[in-house]
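Reading through the structure tokens given below for one structure.
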Amino acid sequence: MSHFGPAARQESMTKIVDSDVVVIGGGLAGLAAAALVAQAGKSVTVFESRSTLGGQARSSTHGGFTFNRGPHALYLGGAGERILRQLGVKISGGQPAVNGKFAFNNTLEVAPAGPVSLMRTGALSAKGKLAIGKLLARLPKIDPATLAGTSVTDWIGQCVNGDREADMLHALVRLATYVNEPAVLSAEVAVSQLQMALDKGVLYLDHGWQSLVDQLRATPGVDLVTGETIAELPHARAVILATGSPDSAAQLLGATFDVGPPAVASCLDLGLATKPEQNFVLGGDVPFYFSNHSAVAQLAPPGKHYAAAVQYLGADDEPDGDALSAFAELAGARDIVESRRLHRMTTVTAISTAANGGFRGRPSVTDTGFGNVFLAGDWVGSEGHLADASFASAYGAATAAMAQWR
Ligand SMILES: Cc1cc2nc3c(=O)[nH]c(=O)nc-3n(C[C@H](O)[C@H](O)[C@H](O)COP(=O)(O)OP(=O)(O)OC[C@H]3O[C@@H](n4cnc5c(N)ncnc54)[C@H](O)[C@@H]3O)c2cc1C
């Protein structure tokens with residue numbers, strides 16, 4: 001199925017660049033694609049409109065604390081890890097412990113992370129424990145592709161009966177997907193993310209995701225131009241559009257893409273002088289998350305702590321700063337010495353919807369209408385979610401670009 005709808009397609013490519021391949025966008029997708037092209041021996045130039053590289057994966061320092069642009073976790077076993085390792089990028093960090101708390105009615109309950117905690121938790125009735133236990137045992141065996149056309153709401157309805165169990169399952173889906181649109185999101189995405197989280201887990205990165213950006217940008221043979229916005233397709237043997245969203249790519253192509261809506265979250269980064277009481281709290285009946293990332297990764301000065309809280313926003317939700325702060329307080333975050341609010345962050349630029357058939361419903365890397373122009377981003381290609389999709393499509397776009405020489 002083609003997602004590409006030519007609108008007022010441009011007749012010519014204007015800017016002439018003296019490189020084999022031009023990459024537009026210097027986020028993870030653009031940098032990874034450029035590094036792959038350079039590794040394959042072709043000259044490549046990346047154009048980034050901001051003065052700094054990294055896009056959504058850049059980190060900044062605040063009073064000695066490293067803040068990502070909202071809390072980030074690298075899914076182990078995903079496309080990101082695979083491609084970063086292929087590029088020789090060192091991935092250092094720690095895995096958060098799977099035990100933590102669920103918040104229901106402003107009360108913290110043991111999260112059912114395994115058989116023992118499932119038995120102990122006060123969050124579920126005996127019947128609920130049985131239902132969630134059965135589901136957790138069955139989850140690794142589900143083929144996510146069979147759920148591509150099923151919404152998360154429908155899938156949850158098929159899995160559990162009680163409201164509490166449904167809330168708990170949806171909270172886990174929000175956590176694993178960064179999406180709070182259960183009626184829209186394909187259950188294929190939810191199940192594949194939950195499977196990765198339960199199988200190998202995630203990694204919080206030392207010194208933030210900037211550590212990935214810094215290593216990718218240092219790949220020999222990649223020419224980097226910052227502070228330059230590309231407004232028209234440039235002349236080059238191959239062009240990779242890694243501009244971060246379907247809209248910005250569509251603008252350059254003079255086209256439209258039939259994709260899902262974005263997912264949005266409101267984020268609070270906290271530098272703390274004392275360790276928070278809880279390392280991890282997930283809202284069960286409210287769409288909030290809290291995690292002490294510095295418990296396992298170097299993100300804070302010695303003796304201090306970095307934690308993050310998130311409000312997952314649905315299409316009609318407004319960011320609620322007071323509620324977000326109250327949730328961090330419920331998790332025992334005290335002695336705040338640095339803080340930053342990011343009110344509305346686009347976590348996923350186009351949700352893989354059940355209506356579009358899940359991952360396979362996304363545009364492909366070649367879906368541009370030009371034989372030498374390719375797409376990369378979290379909304380492109382049939383593999384992965386969040387940054388994994390950016391990396392997987394970067395690989396696909398770099399491979400397609402290199403095929404111009406065959
Ligand atoms: C709050 C938050 C939390 C997240 N948590 C996770 C997580 O835990 N795990 C995970 O895997 N992913 C997570 N993500 C998603 C991840 O950050 C993104 O998927 C990834 O960084 C996107 O990379 P990208 O290169 O595709 O796009 P971007 O990072 O958006 O990069 C695109 C770049 O292109 C540039 N650009 C655009 N147009 C032009 C132009 N015309 N000319 C030149 N430059 C241009 C932009 O300035 C930008 O730098 C999170 C995102 C957010 C916002």
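The values are calculated or read from the model by the stated rules, or taken from the named source; none is laboratory data. Every value quoted in this text rests on a predicted model; they were computed, and no experiment measured them. Neighbour counts are summed over all protein chains in view; Cβ atoms, including those assigned to glycine, are modelled from backbone coordinates with ideal geometry.
Overview of values
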read-out: Filtered residue count, region 369-406, keeping only those that are surrounded by 24 or more Cβ atoms within 10 Å (Cβ to Cβ) and among the polar types (S, T, N, Q); value: 2
read-out: Of residues in region 29-52 being within 7 Å of the ligand (Cβ to nearest atom) and out of contact with any Phe, Trp or Tyr (no Cβ under 9 Å at 6 or more places or on another chain), the one nearest to His235 (Cα to Cα); value: Phe47
read-out: Unmet criterion (only one of (1) more than 11 Å from the ligand (Cβ to nearest atom); (2) part of a loop (DSSP other than H, G, I, E, B); (3) touching a His at 6+ places or on another chain (Cβ under 8 Å)) for Pro71; value: (1)
read-out: Candidates Asn106, Asn99 - the one that is at pLDDT 90 or above and surrounded by fewer than 16 Cβ atoms within 10 Å (Cβ to Cβ); value: Asn106
read-out: Only listed residue being more than 30 Å from Tyr395 (Cα to Cα) and either within 17 Å of the chain's Cα centre (by Cα) or within 15 Å of the ligand (Cβ to nearest atom) (or both), chosen from Leu241, Leu253, Leu313; value: Leu313
read-out: Hits in region 361-399 (condition: within 12 Å of the ligand (Cβ to nearest atom) and closer than 16 Å to Leu74 by Cβ); value: Asp378, Gly384, His385, Leu386, Ala387, Asp388, Ala389, Ser390, Phe391, Ala392, Ala394
read-out: Test: residue in region 261-273 that is closer than 23 Å to Ala397 by Cβ and of a type in the set (A, V, I, L, M, F, W, C); value: yes
read-out: Lone unmet requirement of (1) under 13 Å from Ala401 (Cβ atoms); (2) at pLDDT below 95; (3) surrounded by fewer than 19 Cβ atoms within 10 Å (Cβ to Cβ) for Ile16; value: (1)
read-out: Region 41-69 residues that are under 18 Å from Val21 (Cα atoms), paired with ones that are near the ligand (Cβ under 8 Å from one of its atoms) and among the charged types (D, E, K, R) (beta carbon under 6 Å, 6 or more apart); value: Phe47/Glu228
read-out: Residue match in region 112-121 (condition: out of contact with any Cys (no Cβ under 8 Å at 6 or more places or on another chain), in a helix (DSSP H, G or I) and within 15 Å of the ligand (Cβ to nearest atom)); value: no
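For (1) buried (at least 20 other Cβ atoms within 10 Å of the Cβ); (2) within 23 Å of the chain's Cα centre (by Cα); (3) not aliphatic (A, V, I, L, M), each residue gets a yes or a no:
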{"residue": "Lys200", "(1), (2), (3)": "no, yes, yes"}
{"residue": "Val213", "(1), (2), (3)": "yes, yes, no"}
{"residue": "Leu233", "(1), (2), (3)": "yes, no, no"}
{"residue": "Pro246", "(1), (2), (3)": "yes, yes, yes"}
{"residue": "Asp269", "(1), (2), (3)": "yes, yes, yes"}
{"residue": "Ala273", "(1), (2), (3)": "no, no, no"}
